[in-house]
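For reference, the structure discussed in these notes is given below.
Any read-out appearing in this document is the output of simple, stated calculations on the displayed coordinates, not a laboratory observation. The model shown is predicted, which means the values in this text are computed figures rather than measured ones. All Cβ positions, glycine included, derive from the backbone under ideal geometry; neighbour counts span all protein chains shown.
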Amino acid sequence: MKEKIFFLTFIVLLCACSNQKPQSQEITPAAEEEPQSALFAYPLPTSMEITQTLETLQVPYLGNLTNNPDNVYQYVSTREKALNLGVYTADICYSLTYNMRQEALSHLKAATKLLDELGITSPFSEQIVNSFKDDNVNKDSILIVVNDSFKDTYSYLRKNKMEHINLLVITGSFVEGLYILTQIASPDKENILKTIAGQKNLLNEILKLYEPVKDMDILKEPYEQLLHLQEDFSAIKFTVDAMQLETIKKSTASLRKNII
């Protein structure tokens, strides 16, 4: 699959965090490695980049929107585990964006369990886990390291020819992010409506990634569900009106319910 990097206009650039001058402690970065080949570059905006949009728009944190970490014990199939790994990664970033560390740590533990069960080496070192508990560690530092960890996992899966797992993780993360957006949206929040409209482009790119492998049994159902969601987005351009918002909100909630 030919890899490209896609950027949406609403994304908060990662350098916005790295350019800050935190007053608290930062996580010591690991020894610098050689740049990865573009072949294994993460092809879409990460959960961190998307959820930071909410903070920029000054939207309050709503913890009841995230997936309950205890649900991790009910996921049995590979598809369920991979999809909800994506859901939990979005929840980690969502909670960390608002510095809700205990919530983020709970979702991190759930994600780590799914990584282990999928046979994927966890990118979360003991140092990263401990940083969640240390108020002296700057939360932007944690976000950057977690963001890089997600990209490392994507690269690992690609190198090990587990692209079907990658697609499911990306799908779960996308659906969770869209679910949170639609749940906090209202007709008077124009910036959020524009952000939701921007998800149309992201959804189209995800479906392009599915094309070469869409007939795999493990991917058929998620692919078809995303196609239905694409239909709901078809008439959307730069923003979302009240009727379109309600349609996408219902479709996304239904899709998420099937996942979690």
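As for the stretch 158-170, it holds no residue that is within 19 Å of A253 (Cα to Cα) and either without any contact (Cβ under 8 Å) to a residue 24 or more places away in the chain or in a loop (DSSP other than H, G, I, E, B) (or both). For T121, only one of the following conditions fails: (1) buried (at least 17 other Cβ atoms within 10 Å of the Cβ); (2) in contact with a helix residue (DSSP H, G or I) (Cβ under 8 Å, 6 or more places away or on another chain); (3) free of Cβ contacts under 8 Å to residues at least 60 places away in the same chain. What is its number? Exception for T121: condition (1).
If I filter the stretch 160-207 down to residues being of a type in the set (K, R) and more than 24 Å from E80 (Cβ to Cβ), which single residue comes out as nearest to the chain's Cα centre (by Cα)?
As a first pass, look at the stretch 160-207 and keep what is of a type in the set (K, R): 161, 189, 194, 200.
From what's left, more than 24 Å from E80 (Cβ to Cβ): 189, 194, 200.
Details: K189: 22, K194: 19, K200: 15 Å.
Filtering first and then ranking leaves K200.
Quick check on L226: is it of a type in the set (A, V, I, L, M, F, W, C) and either more than 24 Å from H107 (Cα to Cα) or over 15 Å from the mean Cα position of the chain (by Cα) (or both)? Give the derivation first.
Details: of a type in the set (A, V, I, L, M, F, W, C): yes; either more than 24 Å from H107 (Cα to Cα) or over 15 Å from the mean Cα position of the chain (by Cα) (or both): yes.
Answer is yes for this residue.
Among the residues of the stretch 208-223, those that are surrounded by fewer than 11 Cβ atoms within 10 Å (Cβ to Cβ) and either under 17 Å from the mean Cα position of the chain (by Cα) or in a helix (DSSP H, G or I) (or both) comprise E211, D217.
One residue stands out in the stretch 171-189 among those that are more than 14 Å from Y94 (Cα to Cα) and charged (D, E, K, R): the one that is surrounded by the fewest Cβ atoms within 10 Å (Cβ to Cβ), namely D188.
Do we find that L245 is touching a helix residue (DSSP H, G or I) at 6+ places or on another chain (Cβ under 8 Å), farther than 24 Å from L62 by Cα and touching a residue at least 40 places away in the same chain (Cβ under 8 Å) in this structure?
Values: touching a helix residue (DSSP H, G or I) at 6+ places or on another chain (Cβ under 8 Å): yes; farther than 24 Å from L62 by Cα: no; touching a residue at least 40 places away in the same chain (Cβ under 8 Å): yes.
It is false that L245 is touching a helix residue (DSSP H, G or I) at 6+ places or on another chain (Cβ under 8 Å), farther than 24 Å from L62 by Cα and touching a residue at least 40 places away in the same chain (Cβ under 8 Å).
Among the residues of the stretch 94-102, are any surrounded by 22 or more Cβ atoms within 10 Å (Cβ to Cβ), closer than 19 Å to A253 by Cα, touching a residue at least 24 places away in the same chain (Cβ under 8 Å) and not acidic (D, E)? Yes; the residues of the stretch 94-102 include at least one that is surrounded by 22 or more Cβ atoms within 10 Å (Cβ to Cβ), closer than 19 Å to A253 by Cα, touching a residue at least 24 places away in the same chain (Cβ under 8 Å) and not acidic (D, E). Evaluate the stretch 231-247: report whether one residue or more is within 16 Å of G172 (Cα to Cα), assigned to a helix (DSSP H, G or I) and of a type outside the set (G, A, S). Looking through the stretch 231-247, none of the residues is within 16 Å of G172 (Cα to Cα), assigned to a helix (DSSP H, G or I) and of a type outside the set (G, A, S).
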